[in-house]
Structures are given as structure tokens and as C-alpha cells.
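Presented below is the structure to which this report refers.
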Protein chains: 2
Amino acid sequence: MQKKSTYVVAVVGATGAVGREMVSILEERKFPVSELVLLASDRSEGERIEFRGKNIPVRKLTKDSFAGVDIALFTAGSERSLKFAPVAVAAGSVVIDNSSAFRMDPKVPLVIPEVNAADLEGHAGIIANPNCSTIGLLMALKPLHDAAKIRRVVVTTFQSVSGTGKEAIDELAGQTVALLNFKDIEKKVYPHQIAFNCIPQIDGFLEDGATREEMKIAGETKKILGDDSFKVTATCVRVPVFRCHAEAVNIETERKLGANDARAALAGAPGVIVYDDPSRSLYPLQLDTAGKDDVYVGRIREDATVPNGLNLWIVSDNLRKGAALNAVQIAEHLTR
Amino acid sequence: MQKKSTYVVAVVGATGAVGREMVSILEERKFPVSELVLLASDRSEGERIEFRGKNIPVRKLTKDSFAGVDIALFTAGSERSLKFAPVAVAAGSVVIDNSSAFRMDPKVPLVIPEVNAADLEGHAGIIANPNCSTIGLLMALKPLHDAAKIRRVVVTTFQSVSGTGKEAIDELAGQTVALLNFKDIEKKVYPHQIAFNCIPQIDGFLEDGATREEMKIAGETKKILGDDSFKVTATCVRVPVFRCHAEAVNIETERKLGANDARAALAGAPGVIVYDDPSRSLYPLQLDTAGKDDVYVGRIREDATVPNGLNLWIVSDNLRKGAALNAVQIAEHLTR
């Protein structure tokens, strides 16, 4: 991408939960935006979103939307990415795509800047943002992998409804209100009631009984670390929480890494905060992590059931580091 | 215990969440009760609980409460069990204790009837009921252990607030209502807000960074299976759900056990139901399991990151099979 002093930036899917977060983050981080182009489907046309004190109108996404756009941040689902990302690239934009459409494409870098920024070199117009659970997990695992080489990971996720989108936030709130008023609940987004319930399914199922989400975490991790032998098995669960994803993680390392060594390795890692004081009941919580940029790690303790085992608890804001922030950080790297 | 045609049964802690469930289950299962003695602290004295169409008054627990009592079901916390269980035994009662007070005592059998009923032989007056998460876990693991010998278990729990008791049920409901009305929440039971949040702490912390709950699951499992080499590492998490505990479990077995073999082994086990049809989004849910006696297992799939790995998702009603039902089943065995 040609370096400039300011850039025309488009947000595709601007009215969604992640899209709105992207607009805020571009402003907060003073990204050098000369013009912000907000794009969405017909339904949202005419809405306005505030950016630097101005109400920017949302325009309808069409094939002609990308003329003059330098950087297009896509967060409107895989189908729209597959259709419009190539159009944007043809118009000269660099696309940073938050959907899963291109993540496993060998020509497309899949990047967490703190982990594998070097993979941005030689991109062909599209860069993929990893899955929100993958980002939180790898932010914490990379420093431990560098310190002691991780051999195997067993991860169980506690994912908030905002990972599904705005309609899911409304569904959790609406069902909760209905139940507290002894009324029938409505189910539109999830196959089962999410209020006061946990659903062990995120995305569709594959032949082998895993969900796509579970497969994504395993596959994306291998690609980002550039290590096909890296072993991850995941169980992904939706919990009745509005924002932030938590992950209970068990790892086995090649070399011994005590709990204190792990804390030291994590404390030195960019974008990671160790928050781990059991004596005062302090550990990361989804509630406290909403709106935070860093990935929080606690409950760090040795697991004696394998020679070099560790357990940890990771929490990150799925809309920020898990999506919008990571995308803007990629854009920052491209403009440096 | 002397076999009789009917028994005087006491429930100690009768007004709590588990105590009330014990009374219902004694009635439902037509346990041969000649007289039901309901005991609780001063606070609950005078309350009445229905049993076989009669309202039985709750009496204050004292050292004289056990005269003539054949079977005393204790569920009033460890402190009261430590104080009053020996008194009951001295008065000639057999105590079935739902607290953790005596579970690891080598003289006290720790029993899940479907798993190790034989351990009831030669008890010395007190029999311990395992932890609610241990019971759900072992009901599902025992058939797999018999089929292929389990070497290691990594378990992450999603535990409902009813595991803490009635005050915790009120706390989740109260905090939820307060938040939906934009009011401040009250915290009495948990160290952090539980409404729309997950708390990775159940019970207090030990020196090694694990919680007592996590230690209990590992220790009780070894005792119940009579195998000190059985390896379990646990992460226990409280979730904003009223009833039933879910557990995401990863196991490694000595011999290969495919997903279908595992389903077959589980389907033949007493008290276990395989509920596993991903193509129709069917898997056990906490919501559906409330009030059920069986332990439900789904999401059964092979884990290729180890030679003989399996993932499963277990849900059981923590108040019934996880506590009250298991205790009554022990009583049934003693009277057979």
C-alpha cells in the first residue's frame, strides 16, 4: 500500500456491533483518516454514526463504493466479504477482513500484529483478521510458546453473545426481561434459549462432531504460528454474558515452565496483562474487561497431571482486541 | 444398619435448596418413611414443608434431635456436619452427609451407587455424598473407564448458582432485575457480580493456585474409583444459570475408544442418557436437565491431538443426582 499522510478509510458493516467499535477505535487511536466512508446494507442506509464530532451518514454498499478508498475494514459477514472484497481490491483498496471468508486462504495473511506482523509482507490486497477466540488465545499463548514451546492445548471457551452480533445482544436482553416477567421467550438468533443457559454450539457442525468455531480455533492457530504440528482441541460454548470472551486453557509445554515463569513471560508481552491474585479473589472477569484493549490472564497454575502442564484463564474484549482493534492495528502496521 | 419395613428419616438442613429436594425425592421414590423429621437452624424453625400431603413442621437442630432416627440425611454445610453427624451416629442413626466434611476421611465411604455401591459395605455410621460436579463427571466417565481405561481428564465446569444455595439463586435473580432497571446491584454471596458474568472461582483458594472445588473433583474421583493414579485437572467456573451443572471434558484413554464406541458404552450405563445429535442441534442443556434424574452426555467426538482422545459435554441436575437423589439412592441401598 502506498504510504500517505492521511487515508480514505471505509468501514463495511458500519452499523453492526464490530463496525461501530471500529469507528470508535479509529477516532481513539487518531488513525490518520482523511475521509471515513461508512457502508452497510439497505436496511441501515441513512443512519448516522458519530466520528470526530460529526454525524457521518451510512451509505448503501455497492460495487461502486470503493473508488478512492485506501483501506476497507470489512465486518459484514462472509458472504459480503466474498462478494465485495475482490471488488474493493480491484478498485485499489487494501481490505482487512473480519469475516472467516479468506482466513485459511494461503494467499491471505492471517495476522495478530503482536504475534505475526511479519506475515503482512507481500499481501495481495486482502488481509484476514482471526476469529475473536483465536486472538485472545494466541495473545496469551505466544509468549508461553516462545518461552517453552507448547505441544498441546485443550481450550474451553465462554463466549459472549456480542460475538454473534447486535441481534444476539437484543435476544439475551429480551429473553431475560421476558423470563423475569413470566412471559414466553422469543428465539430468533440461537437454536435454544440463551438467557440463564449455556449453549455448547457456536456456528454449524462438521462431520467429525466439532463445530466450525472449534475447527477455526485449531486451524487458525496453526496458520498464525506457522506451525502445522501445533495441537489444539477446543470446545466452544455460548454463555449468557453480553460482552467479552473467557477461555479456560490447559497447555503442555516441551520444556518445564513453572507458574511464576509463565507469569513473567506473559507480563513482558505487549498487549497482555497478568491479573492473578487468588488471595484477593482477583482474576480476569468478562464484566471488567469490556472496553479494554489488553488481553487479561489469570488463574495461572501448574497442572501436575502431565510433566509440563499449566492451566490459565484468559479474558479479552471480543469486539475490541477480538475484532475491531486488531483490524485497526493491522491498518496501523500497513501505514507505518 | 438394621433392616426394617419402614424407617425414621431426618433431613438436616431441610429448608435449603438440597434439603427441599431430598424431601420431594423421598416422596417421589416412595422411600419407606415411617416418620420424617425436618431439622434446620433457629431461623427456619416453625416453617413447614409438604410431605405426602401433610405439612411437616421444621424443628430446630439440637444434640437431642436424633433419638429414634434411623437415617439422617445431612445437607447443612460442613460445620454442622462436623458437629452433629457424630452425635447422630452415637444416637444410632446412619448419616448420609452431603457436605465435604468427611469425604476424604479414609473410614468414610464416598459413594455414587451406580459407580461404587460396594464401598458401602462396612461403613462406620457415616457415608459421604460426593461433590455435585464429581457425581456428574464420574457417572459419565465410569463406563468409559471400564471400556478403555482413562489415563487423564481435563475438565472445565459451568456450574449453576443453585450449587451455592438459595441465597445465591436470589442473588442472581436480584442482580439481574437490578441491572435491567439500571439500579446498583447487591453482592452478598459471591465476590463479584454473577448476573451476565462468569466467575472462575468456586470455594476458596489453595496454595497451589487451585480452588478447593477443583481439588475436590480430583481427590474425590481418585477415592471413588479406588485408583490413586487416576489423573484429573479441573477448572471450575460459576455461570449465570439457576440450575444444573455442565462440564466440558477432554479425556485420554489407554485403549482406543471411538466416538461410537463411547456412545455405546454410555448408552448402556444406568443413570446415563446419551443425547447427541448435532445435525439437529441436540445436545444436553442446563435448561432442559433441571428436575431430571439422569446424567446427560452429548458432543461426543474424537480428539485427534492425542492418540486416544475424546471430548464430551456432560449436564446433570446438581440438586438431584448431584446431591439429593444420590443421597436417597445411598439410603435405598442401605435398606435393601
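The values are calculated or read from the model by the stated rules, or taken from the named source; none is laboratory data. Because the structure is a prediction, the values reported are computed rather than measured. Glycine gets a Cβ as well: all are built from the backbone with ideal geometry, and neighbour counts include every protein chain shown. The accessibility values were calculated without ligands, DNA or RNA, using every heavy atom of the protein model including side chains. Shrake-Rupley method; radii C 1.70, N 1.55, O 1.52, S 1.80 Å.
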- Message: Could you compute the net charge surrounding A:ALA91? Neighbours are other residues with a C-beta less than 10 Å from the C-beta of A:ALA91; K and R count +1, D and E count -1.
- Response: 0
- May I ask you to find the residues of region A:292-310 that are shielded by at least 50 Å² of accessible area once the whole protein assembly is considered instead of their isolated chain (probe 1.4 Å)? A:ARG299, A:ARG301, A:THR305
- Message: How large a share of the accessible area of chain A, in percent, is made up of carbon and sulfur atoms when the probe is 1.4 Å and the other protein chains stay in place?
- Response: 48 percent
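Rounded to the nearest 5, what is the percent of antiparallel bridges among the DSSP beta bridges in region B:154-251?
In region B:154-251, DSSP labels about 55 percent of beta bridges as antiparallel.
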- Considering only the label points, 7 Å along Cα→Cβ from Cα, what distances in nm to one decimal separate B:GLU332 from the same position in each other copy, shortest first? 6.2
- Please report the buried accessible area for the interface of B with A, total over both chains, probe 1.4 Å, in Å² to the nearest 100. 4500 Å²
- Task: Could you please state, rounded to a whole Å, how far the C-alpha centre of region A:206-232 is from the C-alpha centre of region A:163-197?
- Result: 30 Å
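Taking 37 °C and 0.692 mPa s as the conditions, I'd like the Stokes-Einstein D for region B:240-314 in µm²/s, using the Kirkwood hydrodynamic radius from alpha carbon pairs.
251 µm²/s
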- Query: What is the mean number of Cβ atoms from other protein chains located within 10 Å of the Cβ atom of each residue in peptide A:157-164, rounded to a whole number?
  - Reply: 2
- Whole-number accessible area per residue in Å² for the protein assembly as shown, which is evaluated in the context of all protein chains at 1.4 Å: 38 Å²
- Task: Alpha carbons only, please: Rg and Dmax for the protein assembly as shown, in angstrom.
- Result: 27.1, 91
- Query: Of all DSSP beta bridges located in region A:1-134, what percent are antiparallel, nearest 5?
  - Reply: 15 percent
- Can you list the equivalent-ellipsoid semi-axes of region A:278-336, largest first and in whole Å, using the square root of 5 times each Cα gyration tensor eigenvalue? 29, 16, 8
- Occluded residues from region A:191-211, i.e. those whose accessible area drops by 50 Å² or more once the chain is not alone (1.4 Å probe): A:HIS192, A:PHE196, A:ASN197, A:CYS198, A:PRO200, A:PHE205
- Under 9 Å, Cβ to Cβ, from A:GLN175 - net charge with Lys/Arg +1 and Asp/Glu -1: -1
- Task: Compute the label-point distances linking A:ASP105 to its equivalents in the other copies; points lie 7 Å from Cα along Cα→Cβ; give nm, one decimal, shortest first.
- Result: 6.7
- Excluding exposed DSSP-loop GluC sites (Glu not before Pro) (at most 11 other C-beta within 10 Å), longest clean stretch of chain A: A:208-336
- Query: Roughly how many debye, to the nearest 20, is the charge dipole of region B:247-336 about its Cα centre, given +1 on each Lys and Arg Cβ, -1 on each Asp and Glu Cβ, and no other charges?
  - Reply: 120 debye
- Loop-located trypsin sites (Lys or Arg not before Pro) in region A:149-218 whose Cβ has at most 16 other Cβ within 10 Å (DSSP): A:LYS149, A:LYS183, A:LYS187, A:LYS188
- Item | Separation between Cα centres of region B:26-60 and region B:79-128, rounded to whole Å | 21 Å
- Message: From the alpha carbon gyration tensor of region A:208-336, can you work out the equivalent ellipsoid semi-axes (sqrt of 5 times each eigenvalue) and give them in Å, largest to smallest?
- Response: 23, 20, 17
- Query: Which of the pairs A:LYS142/A:LYS256; B:LYS231/B:LYS321; A:LYS4/A:LYS223; A:LYS142/A:LYS321 have their Cα atoms more than 21 Å apart in this structure?
  - Reply: B:LYS231/B:LYS321; A:LYS4/A:LYS223
- Note on the structure: Note, B:THR164: beta-carbon cut-off 14 Å, +1 each Lys/Arg, -1 each Asp/Glu, net +1
- Item | Size of region A:78-153 as Cα extents on the principal axes (Å, biggest first) | 45, 24, 17
- Query: Across region A:26-140, how large is the tail of the calculated P(r) beyond 18 Å, expressed as a percent of all Cα pairs?
  - Reply: 56 percent
- Item | Dimensions (Å) - region A:194-273, Cα atoms, principal axes, largest first | 38, 30, 20
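Quick check on chain B: of the DSSP beta bridges with both residues there, what percent are antiparallel, nearest 5%?
50 percent
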- Item | Along principal axes, Cα extents of chain B, largest first, whole Å | 59, 56, 42
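Which of rounded, prolate, oblate describes region A:1-80, given a ≥ b ≥ c as roots of the alpha-carbon gyration tensor eigenvalues and a/c under 1.5 marking rounded, otherwise prolate only if a/b is larger than b/c?
oblate
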- Query: Under unit Cβ charges (Lys, Arg +1; Asp, Glu -1), what dipole magnitude, rounded to 20 debye, does region B:97-176 have relative to its Cα centre?
  - Reply: 420 debye
- Note on the structure: Projecting the Cα atoms of A:PRO240, A:SER279, A:GLY122 onto the charge dipole of chain A, where Lys and Arg contribute +1 and Asp and Glu -1 at Cβ, the residue farthest towards the positive end is A:GLY122
- Message: With N set to the number of residues, divide the alpha-carbon radius of gyration of region B:55-100 by 2.2 N^0.38 Å and report two decimals.
- Response: 1.08
- Options A:PHE158, A:ASN98, A:LEU38, ranked by Cα towards positive dipole end of chain A, top entry (Cβ charges): A:LEU38
- Query: Based on Cβ point charges of +1 for Lys and Arg and -1 for Asp and Glu, what charge dipole magnitude is obtained for the protein assembly as shown about its Cα centre, in debye rounded to the nearest 20?
  - Reply: 220 debye
- Message: What is the distance in Å between the Cα centroid of region A:261-336 and that of region A:241-257?
- Response: 9 Å
- Message: Taking B:ASP64 in one copy and the same position in all the others, each labelled 7 Å out along Cα→Cβ, what are the pairwise distances from the first, in nm, shortest first?
- Response: 9.5
